[in-house]
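Everything below concerns the one structure shown next.
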Amino acid sequence: MRGVWEEGVGINVDWLPPETEWDFRSIQVRESRMASCWEYARSVGSICENLTGWLDGAGGMTTLGDFICTHGHRFPAPWIMAGDDVAVEAGRLGAEDNPITVYSLPVRKDYLIQQVAEAMEDGRDVLALLNRLLLSDGYLLTLDFATSGSEAVAKALSGWARQEAKKFPRVRRGKGSAPPFEWLKWLAALRLELARKEADVSFGEVQATLARHQREHPMVNGSPTLPLYASHGAWSKAIGEARKWMAVLQTDPVGFERRIMVG
């Protein structure tokens, strides 16, 4: 049945999905990249319906896959409902001022042994698990603080880093590295579009509903993710972008993630 709404008379909100599916304003910059990957993955049925298979396969090569295994046991719950601790861990992972990830080898070894033991007990593919958990990129460094001293280690590490950095291009800043809020806005538009069609309400009602929601539920320092668009053309384009990147996630999760994580 078509939603009941007339300009200036009243707005029907019965058709709206839960706010956690489309109001992403509470997602902050520090967590936005992982949150975007998480929410897009939630929208792909083949991932949610067979998460273990995805993690043992293509998903195991992604940062999101590793994050879900390590911190995201609540997936596929909405990101906003996953808990503050998940957001904090995502913030640490995506911090631009911390380009170095340090693994304690003893801790990492204990974790691997524990995961392998659980996989063997459950009858899961151990080789697939190791392929996912063993680091396939990066460096293994040993730092001899005890013998050489902290100054010598810092000097050697700095010199090596400067030399190695010459092999890589400088990362562009500015628009290209902006938080992926537009991606969340596209996804919110797609989810509302599906609900709109099912309820048979108009594009005008969608925009009026969102505008009223924004007025009645203001959010200080909220992220610009509400899918308010001036024209139906812009709305349709946003939905097309969301569908395009969902398709990329299904066929090339590493490539999809690279676009969000790097910018």
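Note on VAL116 and GLU49: the model spin-label points, each 7 Å out from Cα along the C-beta direction, lie 3.5 nm apart.
In the elastic network of the chain, a GNM with C-alpha springs shorter than 10 Å, the most mobile of VAL220, VAL153, VAL201 is VAL153.
Please get the size of the charge dipole for the chain, origin at its Cα centre, with Cβ charges of +1 on Lys and Arg and -1 on Asp and Glu, quoted in debye to the nearest 20.
1180
With springs only between Cα atoms under 10 Å apart, run a GNM on the chain and tell me which of ILE80, ILE113, ILE239 wobbles the most. With Cα springs under 10 Å in the chain, the top fluctuation among ILE80, ILE113, ILE239 is at ILE113. Between THR147 and ARG108, the modelled label-to-label distance comes to 2.1 nm, taking each label 7 Å out from Cα in the direction of the beta carbon.
For the chain, the C-alpha radius of gyration divided by 2.2 N^0.38 Å, with N the number of residues, is 1.21. Taking a straight Cα-Cα cut-off under 15 Å and skipping sequence neighbours fewer than 8 places away in the same chain, the aspartates and glutamates within cross-link reach of LYS155 are ASP144, GLU164. Working note: Cα gyration tensor of region 180-255, eigenvalues times five, square-rooted, sorted largest first, giving semi-axes of 23, 17, 10 Å.
The residues THR225, THR70, THR251, THR142, when put in order of fewest to most other Cβ atoms within 10 Å, stand as THR142, THR251, THR70, THR225.
Only aspartates and glutamates eight or more places from LYS167 in sequence, or on another chain, were considered; those with a Cα closer than 16 Å are ASP137.
Here, region 113-159 has an Rg and a Dmax of 17.7, 49 Å when only alpha carbons are counted.
Comparing Cα centroids, region 185-263 and region 53-73 end up 25 angstrom apart.
Between ALA156 and HIS73, residue separation times 0.36 nm minus the direct Cα-Cα distance comes to 26.0 nm.
What distance in nm lies between label points placed 7 Å from Cα along the C-beta direction at ARG259 and LEU140? Simple spin-label model gives 3.5 nm for this pair.
Counting only lysines at least 8 places from LYS244 when in the same chain, those with an alpha carbon closer than 26 Å to its own are LYS175, LYS185, LYS197. Counted residue by residue at 0.36 nm each, then reduced by the alpha carbon distance between them, the extension gain from SER202 to GLU182 reaches 4.9 nm.
Throughout, read-outs are computed from the coordinates displayed, never taken from laboratory work. Note that the structure is predicted; figures quoted are calculated from it, not measured. Note that we place each Cβ from the backbone using ideal geometry, even for glycine, and neighbour counts take in every protein chain shown.
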